[in-house]
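In what follows, a single structure is set out as structure tokens and then discussed.
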Amino acid sequence: MSGLLVLAQIVPRNRAGHQTCVQRNGFCPRWIVDNIGNYKEPFLRHVELTVLAVAFGFAIAFALALVAHRRRWLVGPITAVTGILYTLPSLAVFFLLQPITGRGVTTALIALTAYTLLILFRNVTLGLDNVPAEIKDAARGQGFSDRQLLWRVELPLALPEIIAGLRIAATTTVGLATLAFLAGAGGLGEPLFDGGEGINFQSNVVVAGGLCVLLAIALDLLLLGVQRAASPWQRARG
């Protein structure tokens, strides 16, 4: 009988010891292994938000840069407007848009796209402005029209600056997208701030934060590979 009493005292202690890590919100490798599958959907949503926001932002900024490249007086106003959008507090934007666009992916994408515009517009404009004048003169001397000059000379030579802007915008958006859950869009920020039962905060930080870092690195390397593939003359020069 005494042996049963001793065993009954040991089991609760062992159970309590096994749960201490989660209860204290400590770093629990075993908890991570058991719950890693729960991060698949938030991670995929995070990728979706990041890629779509950068793609939409690039489409808008690229079109604005092309117009401003021909009408130089537009550079200042466009830079000012996109600069204002970039300086708005992200938390405020996520909440202010909700009465207009509701909670969900649309609201998050509008906010995330707005934050990419200044970076992308500046880099596209900078790349086009840095094309040497003698190269443009030589192209015109060969009979290139303005359209041919833009697409066959200026944009290829501006590609390094354009890709650099995309790389900065992508890594920045990966970080901002962690707040997209405040707009009801999900993402890796959701498990970080989930207050549900059994949630281990420090382990969440390691997994969700680690996935964000890996995503940022993967996108950066992908864009760098695109730049190298699209700029063979740079490899030859190196």
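Here are the numbers for the structure shown:
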{"item": "Condition check for ILE135: crowded, with 20+ Cβ neighbours inside 10 Å, among the hydrophobic types (A, V, I, L, M, F, W, C) and assigned to a helix (DSSP H, G or I)", "result": "no"}
{"item": "First in region 186-214 and among the charged types (D, E, K, R), second anywhere and modelled with pLDDT of 70 or more and surrounded by 16 or more Cβ atoms within 10 Å (Cβ to Cβ), Cβ under 6 Å, 6 or more apart", "result": "GLU190/PRO42; GLU190/PHE181"}
{"item": "Out of ARG152, ARG122, sole residue that is farther than 27 Å from ARG45 by Cβ, part of a helix (DSSP H, G or I) and modelled with pLDDT under 90", "result": "ARG152"}
{"item": "In region 165-180, the residues that are under 18 Å from GLY104 (Cα atoms) and polar (S, T, N, Q)", "result": "THR173, THR178"}
{"item": "Failed condition for ARG72, given (1) within 30 Å of VAL205 (Cα to Cα); (2) loosely packed, with under 12 Cβ neighbours inside 10 Å", "result": "(1)"}
{"item": "Checking LEU64 against (1) at pLDDT below 95; (2) in a helix (DSSP H, G or I), the condition it does not meet", "result": "(1)"}
{"item": "Cβ-Cβ under 8 Å pairs, at least 6 apart or on other chains, region 15-40 side within 15 Å of GLY209 (Cβ to Cβ) and among the aromatic types (Phe, Trp, Tyr), far side surrounded by 11 or more Cβ atoms within 10 Å (Cβ to Cβ) and modelled with pLDDT of 75 or more", "result": "PHE27/VAL206; TYR39/LEU188; TYR39/PRO191; TYR39/VAL207; TYR39/ALA208; TYR39/LEU211"}
{"item": "Criterion violated by VAL75 - all others in (1) farther than 29 Å from GLN148 by Cβ; (2) touching a His at 6+ places or on another chain (Cβ under 9 Å); (3) of a type in the set (Val, Ile, Thr) satisfied", "result": "(1)"}
{"item": "Scan of region 129-178 for residues that are closer than 27 Å to THR50 by Cα and small (Gly, Ala, Ser), ordered by number", "result": "ALA158, ALA164, GLY165, ALA169, ALA170, GLY175, ALA177"}
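The values are calculated or read from the model by the stated rules, or taken from the named source; none is laboratory data. Quick caveat, the model's predicted, so the values are computed rather than measured. FYI the Cβ positions are ideal-geometry reconstructions off the backbone, even for glycines, and counts take in every protein chain you see.
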